[in-house]
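See structure below.
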Amino acid sequence: MKFIQLAIQRPVAVLSIVLMIVLMGWVALITIPIQLTPDVRKPLVQVRTTWRGAPPVEVEREIVIRQEEALKGIEGLEKMTARASRGRAVISMEFNVNTNRDSAILLINNRLSQITGLPDEADEPRIRTRDTDDNPFAWFTVQALPSNSRPIYKYGDFVDDVIVDRMERVEGVALVNAFGGDERELRIIVDPRKLALYKLTIADLSSALRGTNVNIAAGEVDEGKRRYTVRTESELTTIDRVKEVVLRARQDADTGRLSRVTVGDIAQIEFGFKRARSRIRNLGKNAIVMNAVLDTGANMIEVMEGINKVIEDLNGELLPQAGVKLEKVYDATLYVESAISLVVQNIWVGGSMAALILFLFLRSFGATLVVSLAIPVSVVGSFVAMAALGRSINVISLAGIAFAIGMVVDAAIVVLENIYRHREMGRSRAEAALRGASEVWGAIMVSAMTTIVVFAPILVMNLVVGQLFRDIAVALSVAVFLSLIVSITVVPALANRLLNEKSISASHDRNIPGIDQFAHAFYSLVTGYVSMMLRSRTLAFGTVITVCGVAGLATWLFLPKLDYLPDGNRNLVIGITSPPPGYNLATMNEIAEDVENATRHLWAKPGEADDPDKPAKISRFWFVARTTSNFIGAAAVDPTRARELKPILEKAIFGEPGTFGFVHQTSLFGRGFGGSRVIALDITGPEIEDLLEIARQTVQTLNQVLPRRDGNRVRPRPGLELGAPEVRV
């Protein structure tokens, strides 16, 4: 083969190409984004409409149903779900992977603009775009300093204006969310007696405020040399301005006096905070919680370094002046760095073990060096292809690289062994290298192509599973293909230089006590048994049946549990509970505090170590109390003991009668709180009462089939009761 002959005759050119591949791979390794998991994109669009104070049944009838009718026929829509809660409607639309999200948003906007008859008090629908992997990679808390007595929830605007703004300016941060802070608002507290005295209604007040709180362009006026734009400004931003709003003006026919009734005559105006929807506590103290979402293609480690710099700057000067502090409580880069460290260790250990095995068989330092070079060239070179294809370094791609370490030496070993055989037959170095590589290059090419073809469907699959495992397919395929190129170029070229007569004779003279005797005995046993099988068809047939039977039985006995993705050992245990409907925020807060008190004895003090002989210590504990559900999270001092926190939280959480929910150790790979071990059962129909009855029966059946004692949890959403208690007038 001329290609092999050219590589043998031009070793300097081969070495230059190898160095160029290694250099390009190193540059690619520096520039490739580092993430926890691969980018999995499936367009999701949410339409949110706020109608403050409206009950869920009104929100469903006046907003949700009308929006569903308008949106349900959009092209590419696979799934649409809607949720009506007090004062809010949320419609989530999931589109096909190949759908252009920008076009879908344009269609949604057009459909929403055609809807008429929405309540006047409802806000305009807001569209939010997100993807299936828009999960936060870091969490933070904002807490008041010990010397600050101001409630932390009053810092909601400060957190949005200062901390969120600074974090979102870090390159690679797509979004920062803040929870637990209350928004400031201008309140108008009406005196109903004065309202009746002046014979006015709430509708009159609302109409007057809405008609006054406007900015209107009124044209232009020429004055001398200049042209002025006339604009009326009437925004209600101050207490005095609201007080001056006229509700009614009448002129007495006899006296001509003008009498006015203003908002200040019938109401008290003041600044306050919106009614709280949730309360968040971190280790027994009120807090505001924030999270950060990574931008597509961003390097997680570099982004986290930028966020850490922002935290350091804010805590250094600005936040202490405001009486608060910002603390990082979760960082996904820990798992990425751990995975990278594990793969680097695997490369060194695996490569060293492979080189050792090669030396034990070849007994030649030169031959071992030739084959060992296939590992770094193939692995480092695969980063070039990953960067060119827009892939990232994550736990999936790193797993592919780890698998490839043992596969990239196969072709080189076959080629070198054949070259070595020709050298033992007395041929020259150049002739042995050319003949040895030419005779087997077709076989090793077929072997490499079969490995690559196995991953071909994943490379072209646009489904979620294809996006998820594409990195491992790219890493393995490219590494194996590069090992093929290395085996027919680098290996013959180096063998021509390194496999001289001295190294061949030295390899025969090297003896390793113990190993040589075992190898000879094993060789004799195998060859003797093969000879017997060749002479006896019965023995050969029995051997095939035995091997296949034992392999099948072992597969059946030791087959691991089937799962979409492994959960991993993430140091985060969460619990979500849904109490009976109608509980107010104060009651939900009391329930969560009971859980807090039940686990307080396990909270670790700063710097306290974990005792293996005692229950696992909790390093972080927080809860989010809401009117609809409670969210509780905990992390262990020892990350390997996070699973031990699950029964502790379960015992504390499910003490409230009528409470549904689950406690789960979150997955490193799965989307959502349940990870990859979630079965969703949707019950649909025209009558809500019938659906609730079916849901109650379903929950009873599931509790029997999937008992709680086996770790199963059933969470009905939104619940098994029709609505919540209300007072009707």
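The values are calculated or read from the model by the stated rules, or taken from the named source; none is laboratory data. Values in this document were obtained by computation on a predicted structure and should not be read as measured data. Neighbour counts run over all protein chains shown; Cβ positions are idealised from the backbone, glycine included. Just the protein is used for accessible areas: all its heavy atoms, side chains included, with ligands, DNA and RNA removed. Shrake-Rupley method; radii C 1.70, N 1.55, O 1.52, S 1.80 Å.
Things worth noting here:
- Axis angle, to the nearest 10 degrees, between helix 585-599 and the longest C-alpha principal axis of the chain: 40 degrees.
- Per residue Cα convex hull volume in Å³ - calculated over region 226-385: 346
- CD proxy at 222 nm, helix term only [per DSSP H run n ≥ 4: -39500 (n - 2.57); per residue of the chain; nearest 500]: -15500 deg cm²/dmol
- Between 0 and 90°, nearest 10: helix 464-498 axis offset from the chain longest Cα axis: 30
- Each residue was assigned an accessible area with a 1.4 Å probe, and for THR262 the value is about 30 Å².
- Scaling against 2.2 N^0.38 Å puts the C-alpha radius of gyration of region 371-426 at 1.49.
- Here is the tail figure for the chain: Cα pairs spaced more than 39 Å apart come to 55 percent of all pairs.
- Rg over Rh [alpha-carbon atoms, Kirkwood Rh] for region 568-618: 1.09
- Considering only ALA355, ILE266, VAL384, the residue lying farthest towards the positive end of the dipole of region 261-400 is ALA355, judged by Cα position with unit charges set on Cβ.
- Listed residues ARG728, ARG10, ARG423 arranged by accessible area, highest first, probe 1.4 Å: ARG728, ARG10, ARG423
- Portion, in percent, of the accessible area of the chain that falls on carbon or sulfur, probe 1.4 Å: 57
- Partner lysines for LYS79 [C-alpha distance under 16 Å; skip if fewer than 8 residues away on the same chain]: LYS42
- Averaged per residue, the chain has 57 square angstrom of accessible surface, using a 1.4 angstrom probe with ligands and nucleic acids left out.
- Crossing angle, helix 395-424 versus the chain [Cα axis fit, 0-90 degrees, rounded to tens]: 10
- Shape call, region 179-249: gyration tensor on alpha carbons, a/c limit 1.5: oblate
- PHE158, PHE179, PHE403, ranked by accessible area, largest first (probe 1.4 Å): PHE403, PHE179, PHE158
- Packing-based ranking, highest mean first, of 608-621, 218-231, 163-176 given that Cβ atoms within 10 Å are counted: 163-176, 608-621, 218-231
- Panel note: the C-alpha atoms of region 1-151, placed on their principal axes, show extents of 83, 57, 19 Å (largest first).
- Seen from every direction in turn and averaged, the convex hull around the alpha carbons of region 115-267 projects onto 19.4 nm².
- Inter-centroid distance (Cα atoms) of region 45-97 relative to region 324-356, Å: 43
- Separation of alpha-carbon centers, region 240-289 and region 457-492, rounded to whole Å: 66
- About the Cα centre, charge dipole magnitude for the chain (Lys/Arg +1, Asp/Glu -1 at Cβ), debye: 1060
- TRP139 contributes about 80 Å² of solvent-accessible surface, heavy atoms of the protein only, 1.4 Å probe.
- Pairs of Cα atoms in region 223-293 fall into 10 Å distance bins, from 0 up to the last occupied one, in shares of 13, 21, 19, 22, 14, 8, 4, 0 percent.
- Counting every pair of alpha carbons in region 294-379, the share spaced more than 22 Å apart comes to 56 percent.
- Accessible area in the full protein assembly, largest first, 1.4 Å probe, for LEU525, LEU534, LEU398: LEU534, LEU525, LEU398
- Among the protein heavy atoms, those of PHE455 account for about 40 Å² of accessible surface (1.4 Å probe, every chain in place).
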